[in-house]
Amino acid sequence: MNIIECKNLTKEYLSGENTVVALNDVSLEFEKGEFCAITGPSGSGKSTFLHVLSSLENATSGEVIYNNESLKNYNDNQLSILRRRRFGFVFQAYNLVEELTGYENILLPIMLDKKKPDEEYLNKIIDILGIEDRLSHLPSALSGGQQQRIAIARALANKPSILFADEPTGNLDGKSGREVLSLLKYVSKELGVTLILVTHDLHVAEQADRVIRIEDGAVVEDSKSNQ
C-alpha cells in the first residue's frame, strides 16, 4: 500500500537570467514501512526532491499525494500541521535548541502541538536509541552521534508515518554514522515508519530496501523496477 507518491514533479529555479531545472518530471510511489535511499552526485536534485516531497518546498508543477489526498488541497497552515504530526525530519545538521536539554528537545514537537506526551512510547524510542543517560545534558555536552540520536528521537516523538532524512550521517565519523544508520533502520522496522533517506554514500544506500538514483533532476535508476 502506497503512503506517499508524486506525479510529474518538476522544480525550477531562476539563477540570474537562467532557469535551472532541479527536478524534471519525477513520478514515484513509496510503500508504507519501506526504507528507501535516494542517491546521486552532488547537485543532482536529491535534496530538492526530499524537500518538495515533504512539502518543505513547493513544486513548480506536478503534485504530491499523501494517504490518497493531493497536498494541493492543503493550505499553508494545514501543511504545517501535516509536517508536525505525520512527517519526521532528520538533517545533516542536528538543529537542536542549544538552551534545552536532550529530553526537552525531544518533547519540542509535542509541546508545539499542545499534546500530552505518550511516556511509554517516548521511553521505548529513548531505549532503542540508547540515550537514557544523555537526556539531562545540553547539546554542547553531547557528541555528534549523541546529538543525532536526540534529533532522531525528536523526529519520532509525534509518531510520524514518514521519516525524511537528509544526509543524516554526513557530519558523523564512520563508527557513529554506522550506528545512527542501523538505528534509523531498526526504528523504521520496529515502529513501521516509512524511511526516505537522501545520501551520497553508497555504503549507506546499500542498507536500504530500495535505492533510487537521481541525476540532473531525473530518476535514472530505481532498484524496485529491477525486482
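The values are calculated or read from the model by the stated rules, or taken from the named source; none is laboratory data. No experiment lies behind these values; they were computed from the predicted model shown. Heads up, the Cβs are rebuilt from the backbone with ideal geometry, glycines too, and the neighbour counts pull from every protein chain shown.
Results for (1) in contact with a helix residue (DSSP H, G or I) (Cβ under 9 Å, 6 or more places away or on another chain); (2) in contact (Cβ under 8 Å) with a residue 60 or more places away in the chain, shown as yes or no for each residue.
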| site | (1), (2) |
| --- | --- |
| PHE91 | yes, yes |
| ASN95 | yes, no |
| GLU98 | yes, no |
| GLU104 | yes, no |
| GLU132 | yes, no |
| SER140 | no, no |
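Is it the case, given these coordinates, that VAL187 is surrounded by 15 or more Cβ atoms within 10 Å (Cβ to Cβ), touching a residue at least 40 places away in the same chain (Cβ under 8 Å) and either assigned to a helix (DSSP H, G or I) or hydroxyl-bearing (Ser, Thr, Tyr) (or both)? Before the answer, list the steps.
Numbers: surrounded by 15 or more Cβ atoms within 10 Å (Cβ to Cβ): yes; touching a residue at least 40 places away in the same chain (Cβ under 8 Å): yes; either assigned to a helix (DSSP H, G or I) or hydroxyl-bearing (Ser, Thr, Tyr) (or both): yes.
Here the answer is yes, as VAL187 does meet what is asked.
Within region 204-226, does at least one residue satisfy the condition of being under 14 Å from the mean Cα position of the chain (by Cα), closer than 16 Å to PRO41 by Cβ and β-branched (Val, Ile, Thr)? So far as region 204-226 goes, no, none of its residues is under 14 Å from the mean Cα position of the chain (by Cα), closer than 16 Å to PRO41 by Cβ and β-branched (Val, Ile, Thr). Of all the listed residues (GLY43, GLY33), the sole one being within 16 Å of VAL198 (Cα to Cα) and at pLDDT below 95 is GLY43.
The condition of being farther than 27 Å from MET1 by Cβ, in contact with a helix residue (DSSP H, G or I) (Cβ under 7 Å, 6 or more places away or on another chain) and not in a loop (DSSP other than H, G, I, E, B) holds for only one of VAL180, VAL204, that being VAL180. Condition check for ASN73 on (1) within 18 Å of the chain's Cα centre (by Cα); (2) surrounded by fewer than 13 Cβ atoms within 10 Å (Cβ to Cβ): one failure, at (1).
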